Each structure stands twice: as C-alpha cells, then as structure tokens.
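Participant: A single structure is presented below for examination.
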Amino acid sequence: MAVDLTPSPDVAELARRTAEFVREVVIPVEEANDGVARSEEIRAALQSGAKDAGVFAPHVGTEYGGHGLDMRGRAAVFEEAGYSLLGPLALNIAAPDEGNMHMLEAIATGEQKERYLRPLATGDIRSCFAMTEPAPGAGSDPGALTTRATRVPGGWRIDGRKWFITGADGAGFAICMARTSGEPGETGGATMFLVDADNPGMTSVRHIDTLDESLYGGHIELVFDNCVVPDEAVLGEVDEGFRYAQVRLGPARMTHCMRWLGIARRAQDIAVARAAERELFGSRLGELGMVQQLIADSEIDIAACRGLILQACWELDQGRSASQSTSIAKTFCAEAIWRVVDRAVQICGSLGISGDLLLGRFLREVRPFRIYDGPSETHRWAIARRVLRRHDAKAAR
Ligand SMILES: Cc1cc2nc3c(=O)[nH]c(=O)nc-3n(C[C@H](O)[C@H](O)[C@H](O)COP(=O)(O)OP(=O)(O)OC[C@H]3O[C@@H](n4cnc5c(N)ncnc54)[C@H](O)[C@@H]3O)c2cc1C
C-alpha cells in the first residue's frame with residue numbers, strides 16, 4: 001500500500017515556525033546554560049516564549065490548548081523542536097510529560113483529565129512515570145514488577161521502590177505501575193495509579209547521578225510506603241496496566257526518536273560547518289575522503305531514522321499496535337543517533353571534545369537512549385521472536 005509521508009501544509013507551517021522559534025529563542029538559552037535548564041524560571045520563560053510563538057503543546061487536543069497533531073505530524077514538529085536540547089521542554093513535549101499526556105488523553109476519565117491532563121497540557125504542573133525498580137524488580141522485563149497495591153477500604157495501598165523516575169523532582173503527580181494480582185515473573189496483574197505529589201506515602205529518596213542531565217527534574221529514586229490512594233486514582237482498569245503501558249510506550253518510543261533525531265541533525269550541521277571551514281593538508285577538511293565518508297554515513301543514518309519513524313507513525317495513526325515497526329525504529333534510531341553525534345565529535349577534533357561546542361553534552365544526553373524505552377538487546381530479542389512466530393505461522397499453514 002502506498003504511504004504518503006508528506007506533511008500537510010498546516011503541519012509544515014507549524015514545523016517551520018518551530019524551527020524559527022528554536023533557532024531564535026531556544027538555542028541562545030541552551031548555549032548560555034550548557035544545554036541544561038536548571039531552574040523553574042528558565043522553564044517558565046521558554047514555555048511562555050513557545051506560547052507567544054504559537055508552537056506550544058502541538059501534540060495535545062485543541063480542547064486542551066494544543067494543536068492535536070497525529071503521530072506523523074508530531075514527527076515533523078518534534079524533530080524541529082529537538083534541534084535544541086531545550087526545545088522539547090519549551091514546547092511542553094519533553095519526556096515524560098509528553099508520553100503521560102498522550103496516555104491520559106487516551107484512557108483517563110473526564111474527571112482525571114480535568115485534574116491531571118489539563119494543568120499538564122498548559123505546563124502549570126509536570127509529571128513522572130514510575131515503572132522501573134531496582135533489581136530484582138521491573139526493568140527490561142516489566143513482568144518482574146514487585147511494587148504491590150493492596151486493597152484497603154475505599155482505595156489501595158501501594159508499597160514498593162522505583163528508580164530512574166525522570167522528572168519526579170517537582171512533579172505534581174506520578175503515574176505509578178503496581179502489581180494488583182499475580183506474582184513477580186507473571187505477565188499480567190499490573191495497574192496504573194495516579195499519585196499526587198503531596199501524598200505522604202510517596203517520598204523521593206535521592207537524585208541518581210547520571211551521564212545525562214538535560215531531562216528536567218532529574219532521575220529520582222522513589223519509595224512508596226503505605227501510600228494510600230482512593231479508587232478514583234486508578235488509571236484505566238485494574239489489572240490492565242501492562243496493556244495500557246503499550247498505549248504509552250509505542251508512541252513514546254517514537255517521540256523520543258523524533259526529538260533525538262533533531263539533535264543528530266544539529267550535530268551533523270555543526271560538523272559540516274567545521275568541515276567546510278577548516279583547512280588541513282592543503283584542502284578543506286570536507287574534501288578529504290575519509291571525512292566525506294563520515295559526513296555521508298551520518299546523512300544516511302539521519303535519512304534512515306526519519307524513514308523508519310514515519311513508517312511506524314503511519315501504522316500508529318492507522319490504529320495499529322506497530323509493535324514491530326516501533327521496536328525496529330527505536331533500536332535503529334538510538335544507535336544511529338549516537339553514531340551521528342560521535343562522528344560529529346570526530347570531525348571537529350579537539351574542538352568537538354571541548355566545552356566550546358555542545359557536542360560533548362549531546363553525546364552524554366543521547367547515550368542513555370540505547371537503554372531507556374527498552375534496551376537495544378530487548379528490542380532485538382522481541383523483533384527476532386516476532387519474526388520466528390511469523391515463520392512458524394506460515395509453516396503451519
Ligand atoms: C536516563 C534514564 C531515564 C529513565 N527514565 C525512566 C522513567 O522515567 N520511568 C521509568 O519507569 N524508568 C525509567 N528508566 C529506566 C529504564 O526504562 C530501564 O533502565 C530499562 O527498562 C532497562 O531496565 P534496567 O535498567 O533495569 O536494565 P536490566 O533490565 O537489568 O537490563 C540490563 C541489560 O540487559 C540486557 N538485556 C535486556 N534484555 C535482554 C534480552 N532479551 N536479551 C539479551 N540481553 C538483554 C541489555 O543490555 C540491558 O541493558 C530510565 C532509564 C534511564 C537510563
């Protein structure tokens with residue numbers, strides 16, 4: 001079936017305005033702050049700039065003040081926002097809020113949408129998504145989930161420990177995945193809970209020191225100890241948490257790819273500018289064959305990432321699960337984006353290693369992407385299993 005990948009005129013115009021806003025407003029802030037927004041003032045100023053420029057919250061529905069873009073529309077706009085480390089925060093499309101908004105829009109009740117989605121969509125509050133646990137709990141294998149939610153009169157009591165919870169410091173609420181039935185190692189039995197930040201049963205234990213710094217609100221270890229929530233805190237149906245997680249994870253994988261593709265393009269632009277100017281061995285750097293190979297390979301990686309993202313987004317827009325195509329795109333993009341940034345560092349030589357360019361920061365920021373949203377090995381394992389199942393089904397016919 002033919003797939004039309006051209007953005008509509010409205011989306012193309014929004015992408016153009018996003019690129020202009022990022023270039024004129026966001027990049028100066030990014031460069032002055034080493035790519036990291038370390039205060040609420042910076043976040044508020046960037047978001048108010050995006051509102052003024054008419055590019056804020058492109059992903060959420062118009063009833064929540066957004067532009068209601070489908071996944072293919074997001075691909076065009078998010079890549080432009082991702083051209084700066086701070087672009088996604090400015091547009092309110094950074095992880096984990098963007099993925100949480102997507103999920104709340106899809107499965108929250110009307111009351112939950114008013115209470116959590118609306119202030120999230122306007123940027124008045126932030127959120128986090130608490131799934132991963134220290135070993136032996138949930139990580140690459142979500143079925144290892146150990147955090148428990150036990151029935152109490154009128155609600156649930158959550159007990160457990162989560163870590164690497166991005167954005168938890170200062171978040172207005174957490175979406176916590178807890179086991180409501182079954183045992184660790186079993187695939188079903190999880191439920192999602194909306195936990196307000198002021199719940200005395202949820203405490204932040206520490207900021208985990210990590211390679212990356214640009215995701216706002218840090219990566220936090222959270223303890224749930226006698227954390228009581230009412231029945232209304234259940235997001236979706238009890239015991240259906242793993243199914244709902246897929247509503248979030250497939251699209252969230254793709255939006256991560258879109259944003260990081262913007263950084264890959266930026267790294268390539270920096271490297272190409274250097275290769276065009278720097279004179280070496282009697283010619284411009286960019287005229288030396290091995291540097292041309294680095295530039296060409298990055299161009300190929302960037303084009304391939306965009307194609308795989310759009311293919312997966314098209315499937316998601318058709319209402320398909322797109323589990324194979326999102327796994328393929330996520331694995332390829334996470335590795336290709338790293339390669340592009342790494343080649344850019346190489347082309348720029350010692351300048352690429354220095355703090356005079358942001359390439360070193362980009363490298364630190366993109367490296368964890370090969371681990372979160374499913375490590376490359378987990379995706380390759382899942383991709384291969386689906387291929388074998390397809391083979392077995394054909395062979396049985
Ligand atoms: C920067 C960052 C931000 C994060 N933010 C969040 C967040 O906001 N919320 C949240 O819930 N979690 C978050 N995470 C956690 C992330 O989702 C997990 O790190 C990820 O799921 C992997 O789990 P793990 O770290 O426990 O690794 P493990 O499950 O211990 O896996 C370790 C390694 O095992 C290998 N492996 C995995 N599966 C297979 C396989 N099938 N075959 C062969 N080898 C395999 C891979 O190399 C993998 O890296 C974040 C992580 C990072 C690094």
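The values are calculated or read from the model by the stated rules, or taken from the named source; none is laboratory data. Not measured: the values here are computed from a predicted model. Neighbour counts are summed over all protein chains in view; Cβ atoms, including those assigned to glycine, are modelled from backbone coordinates with ideal geometry.
Participant: Considering only residues that are touching a Gly at 6+ places or on another chain (Cβ under 6 Å) and of a type outside the set (Val, Ile, Thr), look in region 226-235 and name the one that is nearest to the ligand (Cβ to nearest atom).
Facilitator: Among residues in region 226-235 that are touching a Gly at 6+ places or on another chain (Cβ under 6 Å) and of a type outside the set (Val, Ile, Thr), the one nearest to the ligand (Cβ to nearest atom) is Cys227.
Participant: List every residue pair whose Cβ atoms sit under 6 Å apart, with the two residues 6 or more apart in sequence or on different chains, where the first one lies in region 369-397 and is under 16 Å from Cys257 (Cβ atoms) and the second, anywhere, is among the aromatic types (Phe, Trp, Tyr).
Facilitator: What qualifies is Phe369/Trp260.
Participant: Looking at region 33-52, is at least one residue part of a loop (DSSP other than H, G, I, E, B) and closer than 24 Å to Pro7 by Cα?
Facilitator: No, there is no match, as no residue in region 33-52 is part of a loop (DSSP other than H, G, I, E, B) and closer than 24 Å to Pro7 by Cα.
Participant: Would you call Thr203 free of Cβ contacts under 8 Å to residues at least 60 places away in the same chain and more than 12 Å from the ligand (Cβ to nearest atom)?
Facilitator: When the stated conditions are applied, Thr203 passes them.
Participant: Next question. Anything in region 180-202 that is out of contact with any Leu (no Cβ under 7 Å at 6 or more places or on another chain) and either in a strand (DSSP E or B) or on the phi > 0 side of the Ramachandran plot (or both)? List them, or say none.
Facilitator: Within region 180-202, Gly182, Gly185, Gly189, Thr191, Val195, Asp196 meet the criteria.
Participant: Within region 109-122, identify whether any single residue is at negative phi, away from the ligand (no atom under 16 Å from the Cβ), under 20 Å from the mean Cα position of the chain (by Cα) and in a loop (DSSP other than H, G, I, E, B), and answer yes or no.
Facilitator: Within region 109-122, one or more residues are at negative phi, away from the ligand (no atom under 16 Å from the Cβ), under 20 Å from the mean Cα position of the chain (by Cα) and in a loop (DSSP other than H, G, I, E, B).
Participant: Please verify whether Val77 is part of a loop (DSSP other than H, G, I, E, B), away from the ligand (no atom under 16 Å from the Cβ) and among the hydrophobic types (A, V, I, L, M, F, W, C), treating the condition exactly as stated.
Facilitator: Spelling it out, it is not the case that Val77 is part of a loop (DSSP other than H, G, I, E, B), away from the ligand (no atom under 16 Å from the Cβ) and among the hydrophobic types (A, V, I, L, M, F, W, C).
Participant: Quick one: would you say Pro134 is over 19 Å from the mean Cα position of the chain (by Cα) and within 21 Å of His379 (Cα to Cα)?
Facilitator: Yes: the conditions hold for Pro134.
Participant: Here's a follow-up. Against the definition (free of Cβ contacts under 8 Å to residues at least 60 places away in the same chain, farther than 26 Å from Ser181 by Cα and either more than 16 Å from the ligand (Cβ to nearest atom) or surrounded by 18 or more Cβ atoms within 10 Å (Cβ to Cβ) (or both)), how does Glu133 come out, yes or no?
Facilitator: no
Participant: Please find, within region 173-190, the residue that is surrounded by the fewest Cβ atoms within 10 Å (Cβ to Cβ) out of those that are within 15 Å of the ligand (Cβ to nearest atom) and within 16 Å of Leu235 (Cα to Cα).
Facilitator: Phe173
Participant: Here's something else I'd like to know. Need the failing condition index for Arg278 against (1) farther than 26 Å from Arg380 by Cβ; (2) modelled with pLDDT of 95 or more; (3) surrounded by fewer than 14 Cβ atoms within 10 Å (Cβ to Cβ), just the number.
Facilitator: (3)
Participant: For Leu104, indicate whether it is within 16 Å of the ligand (Cβ to nearest atom) and either in the same structural domain as Glu13 (by TED's automatic domain parsing) or among the charged types (D, E, K, R) (or both).
Facilitator: In short, no.
Participant: If you check Asp269, Asp209, which single one turns out to be surrounded by fewer than 14 Cβ atoms within 10 Å (Cβ to Cβ), outside the structural domain of Ile328 (by TED's automatic domain parsing), of a type in the set (D, E, K, R) and not in a strand (DSSP E or B)?
Facilitator: Of Asp269, Asp209, the one residue that is surrounded by fewer than 14 Cβ atoms within 10 Å (Cβ to Cβ), outside the structural domain of Ile328 (by TED's automatic domain parsing), of a type in the set (D, E, K, R) and not in a strand (DSSP E or B) is Asp209.
Participant: Please verify whether Arg157 is surrounded by fewer than 16 Cβ atoms within 10 Å (Cβ to Cβ), away from the ligand (no atom under 15 Å from the Cβ) and either assigned to a strand (DSSP E or B) or modelled with pLDDT of 95 or more (or both), treating the condition exactly as stated.
Facilitator: no
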